[in-house]
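S.K.: The structure under discussion is supplied below as structure tokens; questions concerning it will follow.
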């Protein structure tokens, strides 16, 4: 039985899942990992979700305020052993619902071109490509997306 909980970046299960995520990204991002990693600090995240299968944490995600109407989706991760079961969509929907509840009307995010499954996943979830923003503007590997919340 899967259960999504709302928490903060102080949650130990979230911290451990993010360690797994960072280990994966260190491999796929290669030389650019240190650049991307500097924008993934955990201490500032007060909108975090962790997905549990019974009592085992299997995935997570977070968002932070991007501008007056948008949040930026961060730290999306599903344990490789539990992928292809719709869990990423459950996490993303939980984040989008929470953002709507507190008054935001859209989500933006950045992922890497090398994260082929992530790019495909966000497109499947109705995120549309947008011009690269902020610190990602000059990064060849970056792909940015946006979704209007209705």
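Only the coordinates and a few stated rules stand behind these numbers; no lab work does. Predicted model, so just to flag it, every value in this text is computed and none were measured. Neighbour counts run over all protein chains shown; Cβ positions are idealised from the backbone, glycine included.
S.K.: Once fully extended, how much extra length lies between residue 46 and residue 133, figured as 0.36 nm per residue of separation less the alpha-carbon to alpha-carbon distance? Let's see the in-between values first.
M.R.: On the way: separation 87, 0.36 × 87 = 31.32 nm, distance 2.23 nm.
Here the segment from residue 46 to residue 133 would lengthen by 29.1 nm.
S.K.: Based on the mean of other Cβ atoms within 10 Å per residue, sort peptides 95-103, 55-63, 126-134 so the most packed one is first.
M.R.: Answer by packing, highest mean first, reads 55-63, 95-103, 126-134.
S.K.: When all alpha-carbon pairs of segment 94-148 are counted, what percent fall beyond 17 Å?
M.R.: Working: 593 of 1485 pairs.
Of all Cα-Cα pairs in segment 94-148, 40 percent lie more than 17 Å apart.
S.K.: For a protection proxy built on the mean count of beta-carbon atoms within 10 angstrom, sort 12-18, 119-125 highest first, please. Present the calculation step by step, with values, prior to reporting the outcome.
M.R.: On the way: 12-18: 17.6, 119-125: 15.4.
Going from most to least packed, we get 12-18, 119-125.
S.K.: OK, next. On alpha carbon coordinates alone, what is the Rg over Rh value for the chain, Rh being the Kirkwood radius? It would help to have the intermediate numbers written out before the result.
M.R.: On the way: Rg = 14.3 Å, Rh = 15.5 Å.
Taking Rg over the Kirkwood Rh, I get 0.93.
S.K.: Now for a different question. May I ask you to derive the relative contact order of the chain, considering only C-alpha pairs under 8 Å and at least 6 residues apart, and to give it as an integer percent? Provide the component values of the computation, followed by the final result.
M.R.: Working: 239 pairs, mean separation 30.1, N = 150.
Computed over the chain, the figure is 20 percent.
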